[in-house]
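Single-structure report; data block below.
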Amino acid sequence: MATPDGKTNLSSAAASSSSTPAAATPEKEVGIEVENSFSADSPYFSSYVENELRSINIMNDTLRDIAGRTKTFGKCGALMSEATRRLALACKLRRPLSPEEEKESDAHAERIREFQVLERRRAVGEDMASLLGVMSEMLEEIADAQVQMCQSFEATLVTSLEHFAELELRTAKTLDNSAEESTESAEQLLSKYLNGRHAAALSSNPNDIEGNEAWNKFSEQVGNHGQTLLQRFQNRNKTKAPQGPPRTALSQGISRTQMSTASKSVPVPVDPAVQMASTAANLRLTLEQVRLAQATAELKRFQLLKHIVAHKQRRKFEIGENVLASLHGIRAYFHHCSDLVNGIVPTMNRFQVEQQTARNHLEKKLAPSWRARETDIEGTIDGLKNVTKSAGIIVEAIASGDRGYVEKQATGLEEIENKVQIWRLPRMLADSTRLKRDPTPGVFVEGWLYKKKDQRLTLNAWGRRWFMMDSNGIYYFRANEDWKKGEGRVNLKKLERVKICDVVLCTVREAPNEGPRFCFEVHTPSSKPLMLQARGPLEYNKWVAGIRNGIETQLVSGNQNVGRAPAPRQTHNIGEIKKSSSSRDNSPIRSGDAVDLPEFHDIDNERRGAKKIARSTLIPQIMQSNKCCADCGAPDPDWVSLNLGVLLCIECSGVHRSLGVHVSKVRSLKLDALSESEGKLIAEIGNDNANKIWEGGVGMQKGWEKPHKDSGRKAKEEWIKSKYLWRGFINHLDKDGQPHADGEEKLCKDMFAAAKGGDVLGIANALARGANASWQNPDENGRTGLHVCALLKAGENKDDWKAIECAELLLQNGAKMDIRDKDSHAVLDIAMIKSADLDMIEYLTSKSS
């Protein structure tokens, strides 16, 4: 479901596992490949975050160093010349040397200092380092100037920068700790669940007494409301009490206050179906809680990435503004340096423009885009909370003997997992964040696996390891001694690589069914089989198929490293990845390789071959009715602008994305789950109707020719910007020539009238000409177009009722649900009070949730 800002809301996807059971997801969906989401838990994410946190820390030290030198500069009037030179040195991003260090001439020490300068330049940014360099040159020229200027420097370069550095560092550390805690919590829940005994219980025969006892024991553990989720799993190994089948208080409909009395009474026989359904419902509740924890961890990691990206923009104008203030102070105080100051005015103006551009880029482009994605994840979490709450209600209903829920409750393990969509959540979250990291060069498959430990006596028999397979072998990474001492985050540069075997010398086999689920064995001639467990069926299929394909490729092509990608341009060294001394290989991942820091970017234009089931049933009809791109005529467009109602090719969709979500909200018809209301809106407008509006006056514009499918990107970009951003091709001949304010009011009234009459194209025409979707009509009790859409009644032929399409178009173009009329009624309020159509009430409710 799309939010008002146009981003896909995964709450509708999460809510698809409703309170009543439905058919399980087809097994063929298990094979869908999970994308490499950058915000997912991985060593790449950890490496990126650690390096960025280190940069923020260095920036904090750098700015504090500048501020400290400024204080010295302000307090020591008699030593102003020396203090100014120290400040100039700090602005060059060099740490001032102590008297002892100045006497040293060690070349190694000088290299260390140069490295510190490079680190500081990266921390503050090249453009800001250049700006600080300009300031340093000026300070060297005015080292002997008057003492009065010290106060100006102290006011601009101390308080603000220290506050900015402290706030950025504190926020980053808080978000980092929150992300680590949430990730660890989610991982513990999933690990406990994967290694529980419920699989054997659910797969056992109903007549199997031992299996049913295990099932009932797990049910009692999960149904115990006095324990936390982790405590429930920790009690799973306790032996069964000898006094007959266990029963929970909820399964007997007994309140907590009656438990002591009930325990003394004669046991009442329990309906097996109720017991089975109750335990299954408890299992489902557990799965929903696991899923909620995973989504929460994803949100925390996403918020950390959002802060890091925003920090890179904020530091430009936060540091720059204070530096510029100091530069202006220099010009004011030192009249005798006017020639020098006038010489740097163009540079100051250039940096000022750049900083304003950076601020605008953050506030108008980056912030809305990232906020929309964050809202998407938050919507997913809200949906998961609602579904989890519904699961708890089902548990209580079944425990109280509600036969309706008992009969409808799914009892199969795989059926429950498919219903909950526990294994599809990573893909859903990746679709929401729209972030992707580049694959590791030369690696066929990689990811987390659980490795069974060799020790027989151990509290935890399974350890999580990051595994990789390339054309030569299979490897896993284990913590080296430094990381074991407690340095913390899982980072590739702190892990030691261990080679398991060569690809051509190994075989992979599925583990026996009686063991833990999703396990497979890697057999080698020289060692005993290695038992591995995947994190769900999708990961299981990926690894088994990947190893088998790698073996087949090597046997057919020989040891030619088929599939090895070219080595990346080595720009940042994140440390050595140590190889095991016993392994000899020519893997693309070599010891001492300089590896690019993991970068991330939007994945929309890189996943053309991915398969996704569209939520709206109208997608085939929409694609059939709009066979060409609305802007260049390219065939078979599979991208859509939700607020414009047009279909686009992939190249034009990229231009639309560059316009911003306030102009065009681009989604994929194949990759994104469009709602039914979005599908109806697109089908109602379409390319032909939209172009009649947006290109109605193109014939009156000289020198313009509509691009075709083979036109260059520049031509398409100019056309699309002129068409949608500047609205240059709209036919304005029907305007009455009134001033702009009156004309805008007339357009808003036209939009209001079209909304009142259920005219979708009329609303689209008014919005294209500049009407405000949230305009309140003073003649209609302050109601908006969305208010009157909500009150439209369906006639005898409901196919002609376009109220939902009108409401969807207004919402996609910025209309707000919470705007109130003069009676303080929001849109949903007036729909309920005025007994609007039931479909409209359901639609508005879904938009409000």
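A compact table of results
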{"read-out": "Residue pairs, from the table Lys756/Lys822; Lys92/Lys365; Lys389/Lys802, whose Cα atoms sit over 24 Å apart", "value": "Lys92/Lys365; Lys389/Lys802"}
{"read-out": "Entries in Lys312/Lys499; Lys436/Lys847; Lys419/Lys847; Lys300/Lys670; Lys665/Lys714; Lys436/Lys702 that, when Cα-Cα distance is taken, lie over 31 Å", "value": "Lys312/Lys499; Lys436/Lys702"}
{"read-out": "Residue order for Glu676, Glu514, Glu808, Glu126 - accessible surface, 1.4 angstrom probe, largest first", "value": "Glu514, Glu126, Glu676, Glu808"}
{"read-out": "For Gly473, residues with placed amide H under 5 Å, excluding near neighbours", "value": "Val503"}
{"read-out": "Phi to ³J(HN,Hα) by Karplus 6.51 cos²θ - 1.76 cosθ + 1.60 over segment 531-537, Hz, x for Gly, Pro", "value": "8, 10, 10, 8, 8, x, x"}
{"read-out": "Long-range HN-HN contacts of Gly728 with modeled amide H, under 5 Å", "value": "Lys723"}
{"read-out": "³J(HN,Hα), Karplus 6.51/-1.76/1.60, whole Hz, each residue of segment 80-90, x for Gly, Pro", "value": "4, 4, 5, 5, 5, 5, 5, 5, 4, 5, 5"}
{"read-out": "Long-range HN-HN contacts of Arg437 with modeled amide H, under 5 Å", "value": "Phe38"}
{"read-out": "Segment 705-849 - charge dipole about Cα centre, Lys and Arg +1 at Cβ, Asp and Glu -1, debye rounded to 20", "value": "620 debye"}
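The values are calculated or read from the model by the stated rules, or taken from the named source; none is laboratory data. Just so it is clear, the model here is predicted, and its values are computed rather than measured. Glycine gets a Cβ as well: all are built from the backbone with ideal geometry, and neighbour counts include every protein chain shown. For accessibility, only protein heavy atoms count, side chains too; no ligands or nucleic acids. Shrake-Rupley method; radii C 1.70, N 1.55, O 1.52, S 1.80 Å.
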